[in-house]
């Protein structure tokens, strides 16, 4: 057995995973902002709402958007606290330090992209390619931020393989390809959700016909990309889960990934059949985030193994 090389305290580990959970809540609430068309609830003002600190007679849209901004502001404080605590508790060359820095950079990018969406008027009923571009960037950054937070918490929680130079990288090409494919699922999903919001359907058959009509918006005509990428990404997830089954320590997490994948497919189908109700969109995004977190942890366990464990695995395979 590899001795515990991680000196970080349990309180820090719990806080790190708590920040991950809080970020998931903020992300899901952001879906509510988009689904309810509340993205312009505060007007083209950022960070103030409608140009003021205290709203006198706020609309529902303004309260939804303001709640999202407030929770995002709290998140920034949590992320800064996590980075400071990590640097104070973890020794030099600890991998959690590097991921904590990545979290800070991606948090800054997240705020910048959110501000640009508001300041450039890329909210409400705006269906321009610019909105799709910034929305795709925003979603990509969000998933990378969630991954960096997850890896910070993961390496703070590991008992070994936490220091630079003490890990063995296995199958990096397959892992990167799979993670990128899942990112593409998220980006195409955000564009499909935008199309559902801007062009709501009241009949399933008509909605599907619009996806292949030359007269439809381009946002509707690219919706097929989301299920296509979802199927391709599912192949990677199953491969990773099967590969992880060999280790008893990873078996439960691998099963969890497969279960979440099945639930996600069912939610996606229900979302289509029921014509994308807001609550179901939020549930779909919640499971997607949980699946992404589980995938990142499982990928780290399989592809960033402690050197001693990697050598033992190779010897056992031989």
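Nothing in this text is a laboratory measurement; each read-out follows from the coordinates by a stated rule. Note that the coordinates shown come from a computational prediction; the quantities given were computed from them, not determined experimentally. Backbone-built Cβ (ideal geometry, glycine too); neighbour counts: all protein chains shown.
Label-to-label distance for residue 231 and residue 126 is 3.5 nm, based on points extended 7 Å past Cα in the beta-carbon direction. Between 110, 119, 65, where does the largest GNM mean-square fluctuation fall for the chain, given springs only between Cα atoms within less than 10 Å? Maximum fluctuation in the GNM of the chain, among the listed residues, is at 119.
Between residue 246 and residue 59, how high is the FRET efficiency from 1/(1 + (r/R0)^6) when r is the Cβ-Cβ distance and R₀ = 45 Å? Nearest 0.05.
Rounded to the nearest 0.05, the efficiency is 0.20.
Starting from the Cα of residue 9, move 7 Å in the Cα-to-Cβ direction to define the label point; list residues of the range 71-110 whose amide nitrogen is under 17 Å from there. Label zone hits: 81-91. Label zone (residue 218, point 7 Å along Cα-to-C-beta; backbone nitrogen cut-off 20 Å) within the range 87-121: 117, 120-121. Remark: spin-label model distance residue 239-residue 112 equals 3.3 nm, labels positioned 7 Å along the Cα→Cβ axis.
One Cα centroid belongs to the range 121-162, the other to the range 197-215; the line between them spans 29 Å. Ordering 205, 63, 245 by the number of other Cβ atoms within 10 Å of each residue's own Cβ, fewest first, gives 205, 245, 63. Each label was represented as a point 7 Å from its Cα along the Cα-to-Cβ direction; for residue 279 and residue 81 these points are 3.2 nm apart.
Full extension of the segment from residue 171 to residue 119, taken as 0.36 nm per residue of separation minus the current Cα-Cα distance, would add 14.5 nm.
From least to most packed, judged by other beta carbons within 10 angstrom and beginning with the fewest, 170, 158, 252 follow the order 252, 170, 158.
By counting other Cβ atoms within 10 Å of each Cβ, how are 92, 307 ranked from fewest to most?
Sorted ascending by nearby Cβ count, the order is 92, 307.
Here the contact order of the chain, divided by its residue count and restricted to Cα pairs under 8 Å and six or more residues apart, works out to 22 percent. From helices alone, the chain scores -25000 deg cm²/dmol at 222 nm; the rule is -39500 (n - 2.57) for each run of n ≥ 4 DSSP H residues, then divide by the residue total.
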